[in-house]
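Worksheet: one structure, shown below.
The values are calculated or read from the model by the stated rules, or taken from the named source; none is laboratory data. Worth saying up front: this structure is predicted, and the values here are computed from it rather than measured. Every residue, glycine among them, receives a Cβ derived from its backbone with ideal geometry; neighbour counts consider all protein chains shown.
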Amino acid sequence: MIRDGEVSALKKLLESGEYSPSQKMTRKTESSVFDRRTVEALYETMTKFSINYIDFPISSGKESVVFKAYSSKKPLAVKVFKTSTLKFSNLSMYINGDYRFAKERKSRANMVLLWTRKEFVNLNACHDAGAWVPEPFGFHKNILVMQYLGTRAKPSPSLRKVKTPEIYFEDIIHNMRKVYHDAGIVHADLSEFNILIYRRKPYFIDMGQSVSQDHPSSKEFLARDIRNMCSFFSRNGFNISEEELLREVTNG
């Protein structure tokens, strides 16, 4: 059940004069995630997933904001994609050519909803394959609900923030293999920013752009992931060539 205070707060926000019916979704909202449709979707998500309350933001970017939330005292992560800052051209290159979404309608209005479902599908495939990713619990419109990675006090740090990132090198290769071979997916944006260290394991996050191996640009995306990892570890005194790391990942 949602607490009365949470319901009334959302209702007041929806019923306030802050949002007018004529407000268009093309309006720039770089500084805010809470346009009217998102507030409505958030209320519906809290009901659907029995979320008691939304806590603090874990991370915030141009395209999404991730909040820590609670359902029956269990922590969750709620990722809210901003409906007016995701660029159609940036998303379409990762969706067009992915056979899993070939029959989907790909209009500008529908793209953010498709992108949300795409990240859920990617995370679900990787989690089922045994890769280290946040377990996805479900999605609603432009909101994704998944496992919270962190402690009671703070979220897990990204790889770039840990003092000895080189100790996770072998585990990262292992996880890249699991994602590539067992899930059949290429992350397509793998870097030290999109790897969280949770319980001494590297968890891959932000997988909306991830594609199937059959995507026409999957090799290009994999090469970029390899290049990012080699560059990061070389800066931290652990050298491996792109060719060697590519063999490690693709040969299994």
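Below are the figures for this structure:
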read-out	value
Residue among Arg152, Arg177, Arg199 that is surrounded by fewer than 22 Cβ atoms within 10 Å (Cβ to Cβ) and modelled with pLDDT under 95	Arg152
Filtered residue count, the range 160-213, keeping only those that are assigned to a loop (DSSP other than H, G, I, E, B), on the phi < 0 side of the Ramachandran plot and within 20 Å of the chain's Cα centre (by Cα)	14
Some residue of the range 220-238 being in contact with a Phe, Trp or Tyr (Cβ under 8 Å, 6 or more places away or on another chain) and crowded, with 21+ Cβ neighbours inside 10 Å	yes
Matching residues, the range 43-89, being among the aliphatic types (A, V, I, L, M) and over 13 Å from the mean Cα position of the chain (by Cα)	Met46, Ile51, Ile54, Ala69, Leu76, Leu86
Subset of the range 214-252 [part of a loop (DSSP other than H, G, I, E, B) and small (Gly, Ala, Ser)]	Ser217, Gly237, Ser241, Gly252
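Residue-wise test of (1) surrounded by 14 or more Cβ atoms within 10 Å (Cβ to Cβ); (2) modelled with pLDDT under 95; (3) more than 21 Å from Arg36 (Cβ to Cβ).
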{"position": "Ile95", "(1), (2), (3)": "yes, yes, yes"}
{"position": "Asp98", "(1), (2), (3)": "yes, yes, yes"}
{"position": "Lys103", "(1), (2), (3)": "no, yes, yes"}
{"position": "Lys106", "(1), (2), (3)": "yes, yes, yes"}
{"position": "Asn110", "(1), (2), (3)": "no, yes, no"}
{"position": "Leu114", "(1), (2), (3)": "yes, yes, no"}
{"position": "Lys118", "(1), (2), (3)": "yes, no, yes"}
{"position": "Trp132", "(1), (2), (3)": "yes, no, yes"}
{"position": "Leu144", "(1), (2), (3)": "yes, no, no"}
